[in-house]
1. When you scan region 51-68, do you find a residue that is under 14 Å from Trp111 (Cα atoms), surrounded by 13 or more Cβ atoms within 10 Å (Cβ to Cβ) and of a type outside the set (S, T, N, Q), even just one?
2. So Asp71 clears everything in (1) open to solvent by 70 Å² or more (accessible area, probe 1.4 Å); (2) without any contact (Cβ under 8 Å) to a residue 12 or more places away in the chain; (3) under 25 Å from Glu119 (Cα atoms) except one condition, right? Which one?
3. Return the total of residues in region 75-97 being free of Cβ contacts under 8 Å to residues at least 40 places away in the same chain and either open to solvent by 10 Å² or more (accessible area, probe 1.4 Å) or of a type in the set (Gly, Ala, Ser) (or both).
4. Looking only at region 1-20, filter to residues that are assigned to a loop (DSSP other than H, G, I, E, B) and over 16 Å from the mean Cα position of the chain (by Cα); which one of those is nearest to Gly82 (Cα to Cα)?
5. When you check Gly33 against the structure, is it open to solvent by 70 Å² or more (accessible area, probe 1.4 Å) and farther than 18 Å from Asp110 by Cα, yes or no?
6. Please indicate, with yes or no, whether at least one residue in region 40-47 is modelled with pLDDT under 95 and either out of contact with any Cys (no Cβ under 7 Å at 6 or more places or on another chain) or open to solvent by 10 Å² or more (accessible area, probe 1.4 Å) (or both).
7. Could you list, in sequence order, all residues of region 59-76 that are within 16 Å of Trp45 (Cα to Cα) and modelled with pLDDT of 95 or more?
8. What's the number of the only condition in (1) of a type in the set (Val, Ile, Thr); (2) open to solvent by 30 Å² or more (accessible area, probe 1.4 Å); (3) touching an Asp or Glu at 6+ places or on another chain (Cβ under 9 Å) that Ile10 fails to meet?
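The values are calculated or read from the model by the stated rules, or taken from the named source; none is laboratory data. Just so it is clear, the model here is predicted, and its values are computed rather than measured. No Cβ is skipped: glycine too gets one built from the backbone with ideal geometry, and neighbour counts run over all protein chains shown. The area values use the complete protein model at the heavy-atom level, side chains included, leaving out ligands, DNA and RNA. Shrake-Rupley method; radii C 1.70, N 1.55, O 1.52, S 1.80 Å.
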Amino acid sequence: MYHAPGFLAIIEATRVRVREVTVAQTRERLAAGARLIDVREQSEWAAGHTTGAEYLGKGVIERDIEARVPDKDAEIILYCGGGYRSVLAADALQQMGYTNVASMAGGWRDWTASGGPTE
């Protein structure tokens with residue numbers, strides 16, 4: 001997928017502030033109780049998502065996260081299609097005081113390529 005240079009520049013500037021985890025690390029953290037949140041568009045979620053994930057789109061995550069996850073120390077892993085939008089969303093949550101948030105590098109594409117369970 002093509003990404004505009006300006007968008008990629010924002011991602012790279014933001015990425016230095018966000019912890020990223022691999023698909024394998026995500027699986028380990030889920031087994032330990034982390035919450036996995038899909039920040040893609042509703043249509044992407046409806047077409048398929050990781051087993052056990054919660055949906056909270058990037059367009060509303062800042063508005064709705066505190067009601068969904070009131071514990072700002074809870075471990076949260078965000079994912080999107082390829083790991084870009086989830087970096088932006090993770091940065092926003094950190095600015096809101098969430099202390100244990102990460103973005104799953106490679107997103108949905110890497111999850112499915114690795115044979116991760118989907119619904």
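1. Taking every residue of region 51-68 in turn, at least one turns out to be under 14 Å from Trp111 (Cα atoms), surrounded by 13 or more Cβ atoms within 10 Å (Cβ to Cβ) and of a type outside the set (S, T, N, Q).
2. Of (1) open to solvent by 70 Å² or more (accessible area, probe 1.4 Å); (2) without any contact (Cβ under 8 Å) to a residue 12 or more places away in the chain; (3) under 25 Å from Glu119 (Cα atoms), only one is false for Asp71: (3).
3. First, pick out the residues of region 75-97 that are free of Cβ contacts under 8 Å to residues at least 40 places away in the same chain: 92-93, 95-97.
If we keep only those that are either open to solvent by 10 Å² or more (accessible area, probe 1.4 Å) or of a type in the set (Gly, Ala, Ser) (or both) as well, we get 92, 95-97.
Result for region 75-97: 4.
4. We begin by selecting, within region 1-20, every residue assigned to a loop (DSSP other than H, G, I, E, B); these are 1-4, 16-18.
Now restrict to residues that are over 16 Å from the mean Cα position of the chain (by Cα): 1-4.
Values: Met1: 9, Tyr2: 12, His3: 11, Ala4: 14 Å.
Applying the filter and picking the extreme gives Met1.
5. On the way: open to solvent by 70 Å² or more (accessible area, probe 1.4 Å): no; farther than 18 Å from Asp110 by Cα: yes.
It is false that Gly33 is open to solvent by 70 Å² or more (accessible area, probe 1.4 Å) and farther than 18 Å from Asp110 by Cα.
6. Taking region 40-47 and keeping what is modelled with pLDDT under 95, we get none.
Taking every residue of region 40-47 in turn, none turns out to be modelled with pLDDT under 95 and either out of contact with any Cys (no Cβ under 7 Å at 6 or more places or on another chain) or open to solvent by 10 Å² or more (accessible area, probe 1.4 Å) (or both).
7. First, the residues of region 59-76 that are within 16 Å of Trp45 (Cα to Cα): 59-61.
Selection gives Val60, Ile61.
8. (3)
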